[in-house]
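Throughout, read-outs are computed from the coordinates displayed, never taken from laboratory work. Everything numeric here is computed off the predicted structure, so don't read it as measured data. As a convention, Cβ positions derive from the backbone with ideal geometry for all residues, glycine included, and neighbour counts pool all protein chains shown.
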Amino acid sequence: MRALTYFVTEAAGSLWRGRRAASLAILTIGAGLFVLGFFLIVNTNLQRLAARWGETAEFAIYLRDDVSAEQVESLSRLVHDSGVAARVDQVSKDQALERFRQDFPDLGATAERLNRNPFPASLDVRLRPGASRAEEAAEALAGTLAGSPGVADVRYDRRWLARLNGVVRFVRTVGLIIVGMLALAAALTVANVVRLAAHARRDEIEIMQLVGAPLTYIRGPLVLEGVMQGGAGAVVAIAALGALSALLRARYGGAISQVLGMESLTFLPVELSGILLLGGMLLGCIGGLMVARGVR
Amino acid sequence: MIEARGVSKLYGRGVYALQDLTLRIDKGEFVFLTGPSGAGKSTLLRLLLRQDVPSEGEMIVGGRNLAALTGRQVQSYRRSLGFVFQDFKLLQAKTVLENVAFVPRVLGLAVAQQQRRTFQVLKWVGLQHRMNAYPRELSGGEQQRIAIARALVNDPVIILADEPTGNLDPDLSLEIMNLLREVNARGTTVLIATHDRELIRRVGRRSLTLDHGRIVEVS
């Protein structure tokens, strides 16, 4: 307890004395963790989006204009028997046109000018939740349906969900590379600031060495100083992410929810804040250790 | 107490700082180490502080071969020493009280013990009334007395001093020497490196003269 009190007092005092250099380190860590947090937020939301769309994934089986009632019946049976469908809705050409008018009111007049209704009738198949994981079965059904009589085309959401998942993976990889570089820069900045602090305290350290102070007493304040800088940087990053999240919610929250179909975007969950705080402290600790190891 | 057996310290390019040095200092002795600059005085103190180890020979203190000590044993050994620098090495941002209490504090002593020891040694060096002053507010002689108080606060068995009067005028030098003689009178072994022959003459204790890393005179 005495040692801890000593570490905290010395580290806080040293940070205060070198507050200008420490501020630079804190801002560098803050910037690194802000980018890390931003990527985590984007990644989390893209994953949620992919999962949500995966749950509501559907087939659209577009029918030829000359399809017969028997063929439609046969296609419906085929979908039901596959076991992957929760519901099958038949959409007539007129209903498709009406849906277009509702979805794109500005283009409604264009549709009116056409001599005939260009929209095909379709069977909209809602996949069962959980069946979305049975990708092979769904893929096989899509293949069978595409070759069936009366079918003009099959649109299967999962194909571009796979593309979305690819984008998520790409964003994650790029994010990890950038975050890794920023983390390294942050740790080196902390190390340099702690090194400056150690230099400023060289007489103190020399006296401690000469009187036989335990190494933990010599190194502890240096490591803790790094941890404090890292923690402070994390707080800066969390505050900046919180401000950004509030701004985005206020300005674009509604639009994003409408376009992406998500009621509420996740901006800064407690877990993410915890990860950032621990990450910052870990980076600071690494920086502090880099210097402390050199003091014997 | 302190014994050097055929100690040599070789630095790069074949330069000997100490060469085949053999000496013995008994417990409770007061000894001067003198000689011109570069004679090897500071090197010997470095070896005694276990900041360095001999290239050849053995440095024995209290029956322990210093070169054989582990890191932890070195810390323990240094707790039995007190060291006084020529430039005092007081921490400018700390008060007199904090400077002296710094040693027991970093050795992990309880607060009550830190305070008791600090007040004792400050009283002993006669500066308890300046305990809230900062080093810059003190004279050179007062600063060196604080440095001696700091060296004594851990109740060492040996005091090593490197040119402790180097920055002081003759009267203050004598005052500091008298203080160190009082320390010695309490049973602490004192080894002082100085090139001030006049001071050695006035104090009148055993002196070892080094030159080119060898003892050339014992008086």
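The table below lists the values:
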{"read-out": "Between the stretch B:158-219 and the stretch B:1-16, the Cα center-to-center distance that results, in Å", "value": "22 Å"}
{"read-out": "Descending principal axes extents, the protein assembly as shown, alpha-carbon based, whole Å", "value": "126, 47, 38"}
{"read-out": "Shielding by other protein chains, A:200-210, mean Cβ within 10 Å", "value": "5"}
{"read-out": "Partner chain coverage, peptide A:212-221 - average Cβ within 10 angstrom", "value": "4"}
{"read-out": "Max mean-square fluctuation residue, GNM over chain A, Cα-Cα springs under 10 Å, options A:L141, A:L241, A:L268", "value": "A:L141"}
{"read-out": "Antiparallel DSSP beta bridges within chain B, as percent of all bridges there, nearest 5", "value": "50 percent"}
{"read-out": "Hydrodynamic radius of chain B per Kirkwood, over alpha carbon pairs, in Å", "value": "17.9 Å"}
{"read-out": "Alpha-carbon Rg/Rh ratio, for chain A, with Rh computed the Kirkwood way", "value": "1.26"}
{"read-out": "Karplus (6.51, -1.76, 1.60) ³J(HN,Hα), θ = phi - 60°, over the stretch B:11-21, in Hz, Gly and Pro reported as x", "value": "9, x, 6, x, 8, 8, 7, 9, 9, 6, 8"}
{"read-out": "Dimensionless Rg over Rh [the stretch B:60-159; C-alpha; Kirkwood]", "value": "1.01"}
{"read-out": "Long-range HN-HN contacts of B:R214 with modeled amide H, under 5 Å", "value": "B:Q19"}
{"read-out": "Table column - 3J(HN,Hα) (Hz), the stretch A:229-245, Karplus curve with 6.51, -1.76, 1.60, x for Gly and Pro", "value": "4, x, x, 5, x, 5, 5, 4, 5, 5, 4, 5, 5, x, 5, 4, 5"}
{"read-out": "Placed amide H near B:E29: partners under 5 Å, 5+ positions off or other chain", "value": "B:V190"}
{"read-out": "Positive-end residue, the protein assembly as shown charge dipole about Cα centroid, Cβ charges, pick of A:A187, A:Y156, A:A140", "value": "A:A187"}
{"read-out": "Peptide ranges A:184-195, B:72-83 listed from the most packed, as the mean C-beta count within 10 angstrom indicates", "value": "A:184-195, B:72-83"}
{"read-out": "Other protein chain Cβ atoms within 10 Å, averaged over every residue that makes up B:97-108", "value": "4"}
{"read-out": "Calculated [θ] (222 nm, deg cm²/dmol) that DSSP helices of n ≥ 4 give over the protein assembly as shown, each run adding -39,500 (n - 2.57)", "value": "-19500 deg cm²/dmol"}
{"read-out": "Globularity ratio of the stretch A:57-156, using Cα Rg and 2.2 N^0.38 Å", "value": "1.15"}
{"read-out": "Phi-based couplings in Hz for the stretch B:34-49 (Karplus 6.51, -1.76, 1.60; Gly and Pro marked x)", "value": "10, x, x, 4, x, 6, x, 4, 5, 5, 4, 5, 4, 5, 5, 7"}
